[in-house]
Amino acid sequence: MRDLAPEICRQRLVVEGLCHAPIDAPEIRKYLSELSSAIDMVSLMEPVTHQSPLYGWAGWIHWETSGAHFYAWDVPRLFFSVDIYACKPFSAQTVLDLTQASFDAYDLVHKEF
């Protein structure tokens, strides 16, 4: 993909994992708040969550330099996905460490772009 705005920093990271227990709204809000601090992002709002009866929990936080989305499924398996978009550099390893510890993930994959 051709970079249409090379002068604008954009970093994206997707993290997905399998965990032992369902993830609920308080855990999602706590994680998104801790994520903000861990990678030094300025939050513009408290994390927001919503539960879909068909697909499970979702959460979002808005940062001064973009934001992050979180999704958690109970069925067909205990699975979560985190999507981070930032216009400020951050440590992917810090995100991976925090995510694994927050949800006791026994399998974790990621892609940075």
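Considering only residues that are of a type in the set (Phe, Trp, Tyr) and in contact with a Leu (Cβ under 9 Å, 6 or more places away or on another chain), which ones fall in the range 62-84?
Applying the first criterion (of a type in the set (Phe, Trp, Tyr)) to the range 62-84 yields 63, 70-71, 73, 79-80.
Passing the criteria: Trp63, Phe70, Phe79, Phe80.
So which residues in the range 19-39 are over 14 Å from the mean Cα position of the chain (by Cα) and under 25 Å from Phe113 (Cβ atoms), if there are any at all?
Across the range 19-39, the qualifying residue is only Cys19.
Quick one: would you say Ala68 is within 25 Å of Pro6 (Cα to Cα), within 12 Å of the chain's Cα centre (by Cα) and surrounded by fewer than 20 Cβ atoms within 10 Å (Cβ to Cβ)? Reasoning before the result, please.
Values: within 25 Å of Pro6 (Cα to Cα): yes; within 12 Å of the chain's Cα centre (by Cα): yes; surrounded by fewer than 20 Cβ atoms within 10 Å (Cβ to Cβ): no.
So Ala68 fails the test.
Name the residues in the range 41-63 that are under 23 Å from Leu96 (Cβ atoms) and surrounded by 13 or more Cβ atoms within 10 Å (Cβ to Cβ), would you? Even if it seems obvious, please write down each step before you answer.
Let us first name the residues in the range 41-63 that are under 23 Å from Leu96 (Cβ atoms), namely 41-43, 47, 49, 56-63.
Correct list: Met41, Ser43, Pro47, Thr49, Gly56, Trp57, Ala58, Gly59, Trp60, Ile61, His62, Trp63.
Considering the range 30-57 alone, what residues qualify as being without any contact (Cβ under 8 Å) to a residue 24 or more places away in the chain and either farther than 19 Å from Leu78 by Cα or of a type in the set (A, V, I, L, M, F, W, C) (or both)? Break it down stepwise before answering.
Just the residues of the range 30-57 that are without any contact (Cβ under 8 Å) to a residue 24 or more places away in the chain, to begin with: 37, 42-48, 50, 52-56.
Ser37, Val42, Ser43, Leu44, Met45, Glu46, Pro47, Val48, Leu54, listed by residue number.
So which strands (runs of 3 or more DSSP E) are wholly in the range 43-107 and hold at least 1 residues that are at pLDDT below 95 and hydrophobic (A, V, I, L, M, F, W, C)? Walk me through how you get there before you give the answer.
Numbers: elements: 48-52, 56-63, 66-73, 79-86.
Answer list for the range 43-107: none.
Which one of the conditions (1) in contact with an Asp or Glu (Cβ under 6 Å, 6 or more places away or on another chain); (2) crowded, with 19+ Cβ neighbours inside 10 Å does Ala92 fail to meet, given that it meets all the rest?
Going through the list (1) in contact with an Asp or Glu (Cβ under 6 Å, 6 or more places away or on another chain); (2) crowded, with 19+ Cβ neighbours inside 10 Å, Ala92 breaks only (2).
Out of everything in the range 1-29 that is closer than 30 Å to Val75 by Cα and in contact with a Pro (Cβ under 8 Å, 6 or more places away or on another chain), what residue ends up being surrounded by the fewest Cβ atoms within 10 Å (Cβ to Cβ)? Break it down into steps so the answer makes sense when it comes.
Of the residues in the range 1-29, the ones closer than 30 Å to Val75 by Cα are 12-29.
The next check asks that each one be in contact with a Pro (Cβ under 8 Å, 6 or more places away or on another chain); those that pass are 28-29.
Details: Ile28: 27, Arg29: 17.
Only one residue fits best here, namely Arg29.
The values are calculated or read from the model by the stated rules, or taken from the named source; none is laboratory data. This structure is a prediction, so every number in the text was calculated from the model and none was measured. No Cβ is skipped: glycine too gets one built from the backbone with ideal geometry, and neighbour counts run over all protein chains shown.
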